[in-house]
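To start, the structure itself, in structure tokens.
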Amino acid sequence: MNAVNESLQFSSSSNPQPNFFIVGAAKSGTTSLWMYLKQHPEIFMPKRIADKEPSFFCHLYGYSDFDAYLRLFADVKEEKAIGEASHAYLTSPESAAWIKKVYPQAKIIIVLRNPVDRAYSLYNWMISAGYEWIDSFEKALNSEEERLNNQYFKHNNPQFYYNYLYFSSGLYDLQVKRYLENFPRKKVKIILFEELKDNPVLTTQKIFNFLDVDSSFVPEVSIHNPGKLPFSVPTQYFTKQKLMKYLHKLHLPKAGRIQKTVLNTNLFFGQFRPWYLTAETRRNLQDRYRDNILNTANLIERDLGAWL
């Protein structure tokens, strides 16, 4: 847990510091966008996927040491735009004001996706990564109210808390509003997942322009962070969260290889199991999201009718 005082603004580190942030949303193409942006010679972002989301500016996840966080940018040379991509910053209520306090001149990039598709994609990622144990999307949605009011669960789970709130984490209006209240609108760039998916080069070049770097640069684009679904959700959760501990207690050799084999086998057989969002669940979610989508559309001054 990151319990660093939000008033922290200074560091003994001489490392360069970020001046832009991709803040989410989760499962909305931020990994692809990170891949595209870091190719630009005037942009620096942490190169390794493991360092893509340091999530320093939130309480429940990520880096807690500011100097360690800044070391992610130690290799900056002459790059003008220095950034990172942590989706936790959109759903964490404290992130926008905290970033503003430390980096008031920062630029913010937000990617929004149809909240119905995003919620289902997030659930699929959580089960494939072994963080979710509830074995259907509908059951997970029904468990959300209990999770919202459970302080123990909030602070004791295998992943970022808000990633377990599949519906609530897609209520964009308040999330976006926090950034528009803390930063001038000209400092906040909001794009839609569909734009990034359908026109990745053009959309990325618009972001280059927003970051004041050469917008004629053409990044190499491809699909990143593709989904793989397990055959058994409980098996995936057990293998990722429990099995390794048991193997180490038994002092078994090649414990990591055993865990990897079980994980890969479970994912392989998952290719033969049908996974889809039912029409009924889609309709129910569309009805629940309708008012929030309309509020978000008004807030960002974009037509989101395709989401309704």
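Odds and ends about this structure:
- Long pairs among Lys27/Lys77; Lys47/Lys177; Lys101/Lys186; Lys27/Lys52, criterion Cα-Cα beyond 25 Å: Lys27/Lys77; Lys47/Lys177
- Per-pair calculated FRET efficiency, R0 = 25 Å: Leu174 and Lys154 via Cβ, rounded to 0.05: 0.85
- Fully extending the segment from Asn15 to Arg288 would add 93.7 nm, taking 0.36 nm per residue of separation and subtracting the current Cα-Cα distance.
- Amide H to amide H distances under 5 Å link Asp214 with no residue, where only residues 5 or more positions off or on other chains count and H is placed in the peptide plane.
- Close amide H partners of Ile190, meaning residues 5 or more places away or on another chain with modelled amide H under 5 Å apart, are Ile110.
- The length gained by stretching the chain between Asp198 and Glu94 to full extension, at 0.36 nm per residue less their Cα-Cα distance, is 34.2 nm.
- For Glu42 and Arg185, the FRET efficiency from 1/(1 + (r/R0)^6), where r spans their Cβ atoms and R0 equals 22 Å, is about 0.40.
Since every read-out is calculated from the coordinates, none of them should be taken as a lab result. Because the structure is a prediction, the values reported are computed rather than measured. When we count neighbours, we look across all protein chains shown, and the Cβ atoms used for this are built from the backbone with ideal geometry, even at glycine.
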